[in-house]
Amino acid sequence: MRIVYPLLVVMLFVWLPARAIEPLAVITATANPLDTLSFDDLKLIYLRKSQMDSEGNRWIPLSLPVTDPIRRNFSLTLFSMLPEEQQDYWNIQYFNGITPPKVMASEEAVLRFVSSTTGSIGYIRKQKVDNRVKVLLLITPSADK
Amino acid sequence: MRFSTLFNLFVIALSIAISAEAAEDTDSAYRLGSGYAVNKTGLRIGGYANALIGAPRAAPWHFEVTDLSLFLTWDNGSRLRFFSELEAGDVLRAGEHQSLETQNAHFEFERFYIDGLVNNNLTVRLGKFLTPIGQWNLIHAAPLVWTTSRPVATENSFSTHASGLMLHGSALFANRQLEYSVYGDVTNSIDPHRSKEPFDNAVGGQLRYLLSDTLQIGASFANFTLTNLQSSRYYLSGLDAMWSYQKFELSSEIIYRTSDHANIKNTWQGFAQSVIPLFSQRWFVVGRYEFFDQSQDTTGQVGVLGLAYRPLPPIVWKLEYRMGTHNEILAPDGLSASFAILF
């Protein structure tokens, strides 16, 4: 019994989903003159309400696939909603000719696009950031619903 | 028949024009409810369709494919973007005393405009657009609304489209977004197709304040003459509000219209609607109360009770019953059902 209880605790930590999720880095090209971004401004960019950066370039926000846990954490943190819960909003935007953020297949695809495309902005795990991009904002995702 | 053949040929031509590419991004694929993005051209094609059956209490039943709309958007990331909505109206119709017919089908441009983005606070729009009065008129497409029937207050007292120039955008006010639009309609020469009851000339505007992520309020005004009644100038003001949380929704609009013609009655019209999700948030109960002053009758009132089923976000089945008083002309009693899809 003295062994069982600690063993159970260890199993819980190993098998249950980690409640502490690693930070996400909001990234843009190193040549972008912008060095920081507020959380509220990020939200407007990803709602396609803010269309241009301070240089007059069109923002190209990037996202990951709907089923990607990183995307889901990002969506919960920014909007307090899962991606599928925003579908009504994007249906209305589609009716007005506005599309959701471009969906990239992977974090590496986000890195390649952001580093080579003016005005693009994306999010990846902080540990994936390299010298191709710079970090505008670090956000700590909310736990999954 | 001719329309469907043309559409098929158009789709085939597009497919040939598209080249395969490594799938780093997934936006080139077609997605239901998001249209078809033509590889790196900035073009996107999509639309929506709606079919309904109506069984008014005091009139024969009828079936219609009322909307078959094609969206064509162009946005290549520059400061300019283009949008058009080409609608095939009266595509198919049948009824109790009418066999299935298509000869009344016709095409019309519901919207047709160019947006020039000046900065994050200002966009200039030129062309034909939806009149920014209330909320319903700006999102009236069948897949986006909860009922087959449309509230009287959202289309009876003003032209649902304007052709001209609009300035619109948003700004921060007390730490929340304030959206605005101001427009002028002074000519029909840029209206590719004359709308029903079009403006002869009009100026107006709308403010929308996002109090929170779940609550927004709006105010609208318009000063206009109608092409069919050019001797009278109308003055319209309106308020609207919407609260939504986890698929629950409460919305309301009210308008007041006066005129400088002594024989034209001042009218109040409005509605309040609630939407309540049921099991698995795919089924919804919808209830709506409307009132509307009428030029030739006393104030009409109706209640609408309906069900909506969304198996997928871009698809909705609707069933509702409407009944009221002094409503025979503008919103008659009866049952209606429809199917709408955003594609």
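Observations, loosely collected:
- Matching residues in the stretch B:112-127 - criterion: being surrounded by fewer than 14 Cβ atoms within 10 Å (Cβ to Cβ) and among the small types (Gly, Ala, Ser): B:Gly116
- Qualifying position, being free of Cβ contacts under 8 Å to residues at least 12 places away in the same chain and not aliphatic (A, V, I, L, M), among A:Tyr94, A:Tyr89: A:Tyr94
- Condition broken by B:Ser195, with the remaining ones in (1) among the hydroxyl-bearing types (Ser, Thr, Tyr); (2) over 23 Å from B:Ile114 (Cα atoms); (3) at pLDDT below 95; (4) crowded, with 18+ Cβ neighbours inside 10 Å satisfied: (2)
- Any hit, the stretch A:91-109, residues being more than 15 Å from the chain's Cα centre (by Cα) and farther than 29 Å from B:Leu138 by Cα: no
- Summed over the stretch A:38-63, residues that are surrounded by fewer than 17 Cβ atoms within 10 Å (Cβ to Cβ), closer than 20 Å to A:Ser115 by Cβ and either more than 12 Å from chain B (Cβ to nearest Cβ) or of a type in the set (Gly, Ala, Ser) (or both) total 1.
- Selection within the stretch B:139-159 - closer than 30 Å to B:Leu319 by Cβ, in contact with a strand residue (DSSP E or B) (Cβ under 9 Å, 6 or more places away or on another chain) and more than 14 Å from chain A (Cβ to nearest Cβ): B:Thr147, B:Thr148, B:Ser149, B:Pro151, B:Val152, B:Ala153, B:Thr154, B:Asn156, B:Ser157, B:Phe158
- Strands (runs of 3 or more DSSP E) contained entirely in the stretch B:271-329, each with at least 2 residues that are among the hydroxyl-bearing types (Ser, Thr, Tyr) and out of contact with any helix residue (DSSP H, G or I) (no Cβ under 8 Å at 6 or more places or on another chain): B:315-325
- For the stretch B:39-138, the strands (runs of 3 or more DSSP E) that sit wholly inside it and include 3 or more residues that are touching a residue at least 24 places away in the same chain (Cβ under 8 Å), hydrophobic (A, V, I, L, M, F, W, C) and within 14 Å of chain A (Cβ to nearest Cβ) are B:43-56, B:62-74, B:80-95, B:106-119, B:122-130.
- Selection from the stretch B:56-83 of residues that are surrounded by fewer than 18 Cβ atoms within 10 Å (Cβ to Cβ), aliphatic (A, V, I, L, M) and either farther than 30 Å from A:Asn57 by Cα or modelled with pLDDT under 90 (or both): B:Ala58, B:Ala59
- Single unsatisfied condition, B:Asp333 versus (1) surrounded by fewer than 19 Cβ atoms within 10 Å (Cβ to Cβ); (2) touching an Asp or Glu at 6+ places or on another chain (Cβ under 9 Å); (3) charged (D, E, K, R): (2)
- Going through (1) assigned to a loop (DSSP other than H, G, I, E, B); (2) closer than 30 Å to A:Leu47 by Cβ; (3) within 22 Å of the chain's Cα centre (by Cα) one by one, B:Asp213 falls short only on (3).
- Any hit, the stretch A:87-97, residues being within 19 Å of A:Asp41 (Cβ to Cβ), surrounded by fewer than 20 Cβ atoms within 10 Å (Cβ to Cβ) and in contact with a Ser or Thr (Cβ under 9 Å, 6 or more places away or on another chain): yes
The values are calculated or read from the model by the stated rules, or taken from the named source; none is laboratory data. What you are looking at is a predicted structure, and each value in this text was computed from that prediction instead of being measured. Cβ: placed from backbone, ideal geometry, glycine included. Neighbour counts: every protein chain shown.
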